Amino acid sequence: MSNNRLMHLSLWRSHWFSAFGVATFILLLLGGHSYIVLSYTDETSKWVEQFFRTVIWWYLWAAFFPVILHLAGHFRFAPAARLKSVLVHTLAGAAIAVLHTTIQIFLIDWLFYPDRDWNTIRKILQDNFLTTLLWRFFVYQSILAICIAVDSYRRAREMEIQASQMEADILQAQVESLKMRLDPDFLFDSLKQLSNFMKRDLDEAESTVARLGEYLRMRLDHSLKMDGYTPEETLAANDEVPLEPGPVVSNPVRKWLVITGVFTAIAIYFTLQKIMINSIRGTTIDWPQHLLDYSGWYVWALITPFVLYVSAKYPVQKQAWLKHAPIHLVVLTVSWFFATIAMEAVHWAANLGQYSYWERLPLGFARSPFSLDIICYATIVAVESAMRFHRRFEFGRIRKIKLTGQLAGARLHALKMQLHPHFLFNALNSLSELMREDPVAAEKMIQNLEMFLRLTVNHDHLQEVPFEKELEFLECYLAIENVRFQDRLNVKMEIEPETMKVPVPNLMLQPIVENAIRHGIAPRSSRGQIEIQAKRDNGMLQLSVRDNGPGISQSKKKAISARSGLGLSNTRERLIQLYGDNHRFELVNAPEGGLIVTLEIPVVHGKTR
């Protein structure tokens, strides 16, 4: 059996266990209440049958709970699929109500009336379908509200976990950036000092180059110590992304209108059921008594704001359910107590005080529909919880979108920062070789290196720069390499004028040209050539860098595709982060020898992406 199937079965068992646990707790409350009711009517002998009827009722709903939860998760009331979900839950509610009624009647007959004939059972079934089908459909909707709350909580938690993981990834990317960040003042001072040593003490100059190289290695090899540096501080340093949704400010008048409208709709729903039953039976409705009985829905309308407040202040969720469950049990008891007192007061007033209110009140508590009060309370808490968890999910979704942008920026910055020490290592190696062979050329390289570093530091905060600025970086870099290779390096550029203002990723060309020099020009004893072309075609900026070296092996090409190492693989990763699949990065060996690196990035009205 696969792991997914085992997890699925385990989840269903967990849902059944929770549902039967809650049902058992409710049965304990209702069992005591039922015994009190029957003791007032001297019918305690019927308690066992009445209790088992209640057991079957609640345990059947507990058995259906995972099914309803599954439907709630697959048919959510999202705007795009609301009509479909309403239709599915209407049909499912009707089907489950029929099944619940049928199974309950057959179980009760099997336990208490095994000698009944089929005609009697059929009549009981018809009567129950007529009188309780709409009531069971209402219970289905109440359980559906609980299931929607459970599903909304799960989705909100998943979104929060994903956002937290993205925060950790952002922190990691920023740590990597900091690890790669080099102190520009220190580097500039070191280069000036190196230039001075070149004029008076070549040995000390070589020692300075060695120490500078060791410094770079230490910055790369040792992790940065980040005492007290948390993801929350990381986010605060960027565009602030709040960690929790703000409070909901609701209009009190609108709130009361909605609550009154909902309970009016429920009263009308059961009134229609009453009309239908009496119409089929050919009887008339005692409207005064009916309206008096159904006024209880408006009592619950008065209680609802208090229940909503308690539900928001003491949420029923995984982290705090054990602590908050007793509070909700007390509030449920208080709500039932208040509803019973209010209803008895309404009946007493409607009968013009024909009986003593205080003498009748204990019987009112005994006969009050406690199970209905439990369903009402649970439904109100479920609706409030579902709305709150949905807000958390939407907030988490928006937060995740913002964090996705921050994460992409942090990763791009980390990738770009990797280029600095990578380039400096190569430059210092070349400088070390030139110091003894050609001190004048070495000093010129130091000047060009300082100029290149100043350009990159001044634009370090930018992910994209105009292509003409990128060419300025490249020319400064080539000036460094020309000192090293002198007449062995020839660079030819064919740049269309309309490409100059197009934004491109900062320091995109430098690692590509550096790769061409390192692998295509440096190994050759003869003159090497690099050709750089740029043009616009069909809304794309096309760049190519070609050398006349030995080309690229399949193993190295695979390593670059796997994004391992620096240089070209770094460039590939940056393009993926910036453009996703909407770009081309291709390495091809030219038929006449050498490597051609081709890039295509989108241009929209003069801007990339």
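The values are calculated or read from the model by the stated rules, or taken from the named source; none is laboratory data. In this text, all values refer to a predicted model and were calculated from it rather than measured experimentally. Because the Cβ atoms are built from the backbone with ideal geometry, glycine has one as well, and the counts that use them run over all protein chains shown. Note: areas computed on protein heavy atoms with side chains; ligands, DNA, RNA excluded. Shrake-Rupley method; radii C 1.70, N 1.55, O 1.52, S 1.80 Å.
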Next item on the list: Could you state the accessible area per residue of segment 484-560 in Å², with a 1.4 Å probe and every protein chain left in place?
Entry: 48 Å²
Notebook entry, point to check: In terms of the ratio Rg/(2.2 N^0.38 Å) built on C-alpha atoms, what value belongs to segment 283-389?
Noted result: 1.25
Checklist line | Amide H within-cut-off set for Val465, under 5 Å, with H built and near neighbours excluded | finding: Val504, Asn506
Item checked: Charge sum, other residues only, whose C-beta stays under 13 Å from Phe365's C-beta, Lys/Arg counted +1 and Asp/Glu -1 -> -1
Checklist line | Extent along principal axes [Cα atoms of segment 328-389; Å; largest to smallest] | finding: 49, 19, 15
Next item on the list: Just subtract the alpha-carbon distance of Trp16 and Ser164 from 0.36 nm times their residue separation and send over the number in nm, one decimal.
Entry: 50.2 nm
Notebook entry, point to check: What is the gain in length, in nm to one decimal, between Glu433 and Ala94 on full extension, counting 0.36 nm per residue of separation less the C-alpha to C-alpha distance?
Noted result: 113.5 nm
Note to self: Less than 18 Å from a label point 7 Å out along the Cα-to-Cβ axis of Arg360: which backbone N atoms in segment 331-350 qualify, by residue?
What the structure shows: 338-350
Check: Taking R0 as 35 Å, what's the FRET efficiency between Arg154 and Val346 from their Cβ-Cβ distance, rounded to 0.05?
Finding: 0.30
Item checked: Net length gained if the chain between Ala63 and Val48 were fully extended (0.36 nm per residue, minus Cα distance) -> 3.2 nm
Next item on the list: Give the Kirkwood hydrodynamic radius (Å, one decimal) of segment 89-137, defined as one over the mean of 1/r across all pairs of different Cα atoms.
Entry: 11.2 Å
Check: What is the Cα coordinate range of segment 434-533 on the first, second and third principal axes, sorted by size from largest, in whole angstrom?
Finding: 40, 26, 20
